[in-house]
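Trainee: Attaching a single structure in structure tokens format; questions to follow.
The values are calculated or read from the model by the stated rules, or taken from the named source; none is laboratory data. None of these values were measured; they are calculated from a predicted model. Methodologically, a virtual Cβ is constructed for each residue, glycine included, from the backbone with ideal geometry; neighbour enumeration extends over all protein chains shown. In case anyone asks, the SASA skips ligands and DNA or RNA and just uses the protein heavy atoms, side chains included. Shrake-Rupley method; radii C 1.70, N 1.55, O 1.52, S 1.80 Å.
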Amino acid sequence: MSEDNGLFSINIDFATSHLFFPRIMIWIIIFLAVIIGAKELIKKLRDGSLKESLKGFRFFEENYDRLKLFGSIIFVAVYFFLMDFIGRFFPNEGLGFLIASILFMFAMSFLLVGKGNFRKHRISILISSLVTPLAAWILFAKVFFITLP
Amino acid sequence: MDFANIITPATLMLSTLGVIGGIIFGAIPGMTATMALAVFLPLTYALNLYQALALLIGLYVGGISGGLIPAILLNIPGTPSSITTTFDGYPMTRKGKGVQALKIGIVSSLFGGLISALILAIFAPVLADWAIRFSYIEKFLIIVFALTVIASISQGSMLGGLLSGSIGILLSLVGTYGSTYGGNDHTRLMPEILKPILRNGFSLLPVLIGMFALTAIFSEAEKGVKEEPHQKLDLAKGEKFKMSVFRGQIINVFRSGLIGTFVGLLPGVGGSAASVLSYTQARNFSKHPDKLGTGEPEGVIASETSNNGLTGGALIPLVSLGIPGDSTTAVLIGAFTLQGVQLGPLFINQNPGTWNSMLGSLIFSNFIMFFLMFFAIKYFAKVIFVPKFILYPIIVIMCTVGAYAINYGVMFDVWTLLIFGLFAWVGGKFKLQIPSLLIGFILGGQLEIYFVKSLESFGTFTIFFTKSKIAWVLWVLIILSVVWSIILDRRQKSREK
């Protein structure tokens with residue numbers, strides 16, 4: 001194919017070619033973000049609501065449930081960590097998964113149900129925390145031979 | 001064509017199991033068809049491709065259909081595609097016509113599914129034949145088109161959609177620029193310390209599951225996980241279902257089915273868009289538009305026919321172009337990758353057995369869905385009462401299995417769940433559009449390859465405009481979709497005023 005050596009011709013240097021497209025994308029993202037930001041800014045300036053918006057920006061929902069939210073995030077992180085950690089003692093048997101899942105499910109159900117309701121549901125939580133991970137472990141690790149930590 | 005391989009007791013049974021599982025997942029609010037496929041995907045290792053597809057397609061059909069159960073009975077959509085079903089389905093329940101509404105929804109789902117299967121069977125090979133002629137440039141432009149479409153139909157501004165899509169693309173580029181695609185095997189977009197972990201980038205499935213499942217759970221946790229009040233469901237009473245409801249609705253059925261199929265055809269656009277579009281059209285063409293929303297079967301028919309119409313439609317671009325029609329079909333790509341089959345214009349020609357198997361599974365699943373739901377609706381309806389505090393931990397566990405197993409046991413994939421779950425949750429606060437981001441993520445790698453290869457082959461940017469007539473057509477389509485979205489945007493803004 002004949003090469004246009006005009007204004008739009010381009011030669012991609014092989015050694016740095018891995019950065020070629022990412023750089024383009026980064027520029028596109030910056031470009032779009034600036035335009036969106038500018039549009040919003042202009043709109044707010046026209047409406048006169050700029051100060052309002054800045055003050056009123058709420059990251060979290062109103063009355064967000066701190067315990068449940070951060071608890072969930074932390075529990076999930078701990079669950080993943082435990083699964084891997086316990087699993088190292090019994091490689092590839094899936095026991096790390098099983099044990100961590102039982103603990104996680106119990107803790108998470110407890111967290112989500114709310115302190116007041118726990119008594120009412122404690123039996124169902126206990127049962128499901130034991131049965132579901134066990135059933136999952138049997139099904140995935142034993143029947144389908146999927147490696148679990 | 002080896003029918004003996006396709007129609008085996010195993011595939012039929014897996015189809016049925018898939019539909020049952022799908023209906024259950026779809027019926028539980030908060031769990032979607034996409035999640036169902038994502039969770040069951042690792043199980044398909046042990047199966048051959050026909051069986052894997054039977055299971056997954058069954059899950060897909062069941063999942064989309066199952067959403068109507070809580071939508072009608074509890075006013076809560078089981079899946080995003082059932083949002084508009086609540087508009088008329090729930091009022092019908094309040095009037096004591098709950099069972100009737102359910103059955104109308106089920107029959108509509110069957111019609112929608114069959115219409116889209118027919119269009120799939122006819123249209124996909126045609127599209128594939130045509131797409132074979134695409135060179136890198138056209139392939140690049142088609143993906144750009146797909147991204148603009150998603151950005152325009154997504155909620156919120158088109159610019160926001162494009163930004164989200166671009167972020168998705170950038171995220172997909174993290175990793176190594178592989179030499180199998182002509183790259184130089186260097187890593188990029190990562191700090192030195194993280195190189196060993198991020199060398200292979202982020203895997204699609206954990207990203208997908210994390211952004212849908214974990215994000216939803218974190219949002220719910222933030223809001224305090226309020227349980228829906230249980231209502232006494234008396235399914236024995238209520239008016240009997242009569243097929244005569246459909247008399248006079250034939251046009252509605254076909255129109256909705258076609259809308260669903262067409263929306264499914266558009267890459268990346270999925271469930272809720274189809275049903276919303278169909279419902280609005282039903283209202284525009286209705287003889288008594290003000291009754292819609294008060295419990296008219298017409299509304300349920302429009303909504304449910306279109307969301308099942310989506311299933312066949314979304315498979316069309318998947319199979320003929322290798323571009324997923326919606327996020328659920330995006331998971332299907334994983335199944336093909338697992339089995340080493342490449343989707344794209346050559347797929348149908350080179351894999352007639354698999355193609356026929358897919359069609360067969362789709363049709364079969366629709367019928368199974370119909371029989372199961374129609375006659376066993378009472379049992380499925382009970383599923384909606386599983387409490388969230390038990391359900392959410394189960395979802396996390398299932399997602400973990402899926403994420404871990406996808407690459408035969410990489411713990412980082414599990415952490416990816418959390419990373420992207422948090423990322424999407426935070427992003428949502430800033431109006432990041434997850435569906436656009438996801439499609440950008442899925443298509444980003446291909447986008448790069450086609451772009452770079454086009455430039456390497458032809459040496460100039462102008463080739464994107466001068467290569468062929470097909471390229472021009474694609475440019476026109478891209479411009480049209482951008483203009484269309486600007487129009488939609490303006491309309492929406494004037495409505496808001």
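Trainee: Just the accessible area per residue of the protein assembly as shown, please: how many Å² with a 1.4 Å probe?
Mentor: 45
Trainee: Round to the nearest 10 and give me the degree value, 0 to 90, for the angle of helix A:95-113's Cα axis relative to the longest principal axis of chain A.
Mentor: Between helix and principal axis, roughly 80 degrees.
Trainee: Could you work out how much longer the chain between A:L41 and A:I26 gets when fully extended? Use 0.36 nm per residue separation minus the Cα distance between them, nm to one decimal.
Mentor: Values: separation 15, 0.36 × 15 = 5.40 nm, distance 2.21 nm.
Contour length minus Cα-Cα distance gives 3.2 nm.
Trainee: Gap in Å between the Cα centre of the range B:391-437 and the Cα centre of the range B:254-295?
Mentor: 31
Trainee: Given a Förster radius of 35 Å and the C-beta distance between B:M190 and B:E456 as r, what FRET efficiency does 1/(1 + (r/R0)^6) yield to the nearest 0.05?
Mentor: The calculated FRET efficiency here is 0.90.
Trainee: For chain B, what number results from the quotient of the Cα radius of gyration and 2.2 N^0.38 Å?
Mentor: This ratio for chain B stands at 0.95.
Trainee: If you don't mind, another one. Could you point to the residue in B:S286, B:I463, B:F441 farthest towards the positive end of chain B's charge dipole, with +1 and -1 charges on the Cβ of Lys/Arg and Asp/Glu respectively?
Mentor: The one lying farthest along the dipole's positive direction is B:S286.
Trainee: Place +1 on the Cβ of every Lys and Arg and -1 on the Cβ of every Asp and Glu in the protein assembly as shown, take the dipole about the Cα centre, and give the residue among A:F97, B:L127, B:F385 whose Cα lies farthest towards its positive end.
Mentor: Of A:F97, B:L127, B:F385, it is B:F385.
Trainee: Once the Cα atoms of helix B:411-429 and of chain B are each reduced to a long axis, what angle between those two axes, in degrees from 0 to 90 to the nearest 10, is obtained?
Mentor: Computed tilt is about 70 degrees.
Trainee: Additional query: Projecting each Cα onto the charge dipole of the range B:1-155 (Lys/Arg +1, Asp/Glu -1 at the beta carbon, about the Cα centre), which of B:F145, B:G66, B:L118 comes out farthest on the positive side?
Mentor: B:G66
Trainee: With all protein chains present, how much of the accessible area of the protein assembly as shown (probe radius 1.4 Å) comes from carbon and sulfur, to the nearest whole percent?
Mentor: After summing per-atom areas, the C and S share lands at 66 percent.
Trainee: Report Rg (one decimal) and Dmax (nearest whole number) for the range A:10-149, counting Cα atoms only, units Å.
Mentor: 24.8, 70
Trainee: May I pose another question? Just checking the output field for A:79-85: average partner chain Cβ neighbours within 10 Å of each residue's Cβ?
Mentor: Counting other chains' Cβ atoms within 10 Å and averaging over A:79-85 gives 4.
Trainee: Next up: List, in the order given, every pair from A:K115/B:K388; B:K242/B:K291; A:K44/B:K429; A:K43/B:K431; B:K242/B:K378; A:K39/B:K453 whose Cα-Cα distance in the structure shown is over 25 Å.
Mentor: Details: A:K115/B:K388 15 Å; B:K242/B:K291 20 Å; A:K44/B:K429 19 Å; A:K43/B:K431 17 Å; B:K242/B:K378 18 Å; A:K39/B:K453 35 Å.
In this structure, A:K39/B:K453 exceed 25 Å between Cα atoms.
Trainee: Tell me, what is the percent relative contact order of chain B, built from C-alpha pairs under 8 Å that lie six or more residues apart? Don't skip to the answer; put the middle values down first.
Mentor: On the way: 928 pairs, mean separation 139.6, N = 497.
That works out to 28 percent.
Trainee: Sticking with this one: Expressed as an acute angle from 0 to 90° and rounded to the nearest 10, what is the orientation of the C-alpha long axis of helix B:9-27 relative to the principal long axis of chain B?
Mentor: Result, in degrees: 80.
Trainee: Find the sum over both chains of the accessible area lost when A and B are paired, probe 1.4 Å, and report it in Å² to the nearest 100.
Mentor: Using a 1.4 Å probe on protein heavy atoms, the buried area is about 5600 Å².
Trainee: Now for a different question. Please report the net charge: other residues with Cβ closer than 13 Å to the Cβ of B:G344, K and R +1, D and E -1.
Mentor: Cβ neighbours under 13 Å give a net charge of 0.
Trainee: Bin all alpha-carbon pair distances of the range B:344-497 at 10 Å intervals from 0 and give each bin's fraction as a whole percent.
Mentor: 8, 14, 25, 30, 19, 4, 0
Trainee: Taking the alpha carbon gyration tensor of the range B:72-230, what are the square roots of 5 times its eigenvalues, largest first, to the nearest whole Å?
Mentor: For the range B:72-230, the semi-axes come out at 40, 27, 14 Å.
Trainee: Select from the range B:385-400 all residues whose loss of accessible area on going from the chain by itself to the full protein assembly reaches 30 Å² or more (probe 1.4 Å).
Mentor: Correct list: B:F389, B:I390, B:P393, B:I394, B:V396, B:I397, B:T400.
Trainee: Can you classify the protein assembly as shown as rounded, prolate or oblate using the Cα gyration tensor, where a ≥ b ≥ c are the square roots of its eigenvalues, rounded means a/c under 1.5, and otherwise it's prolate if a/b beats b/c and oblate if not?
Mentor: Rounded, because the longest to shortest axis ratio a/c is under 1.5.
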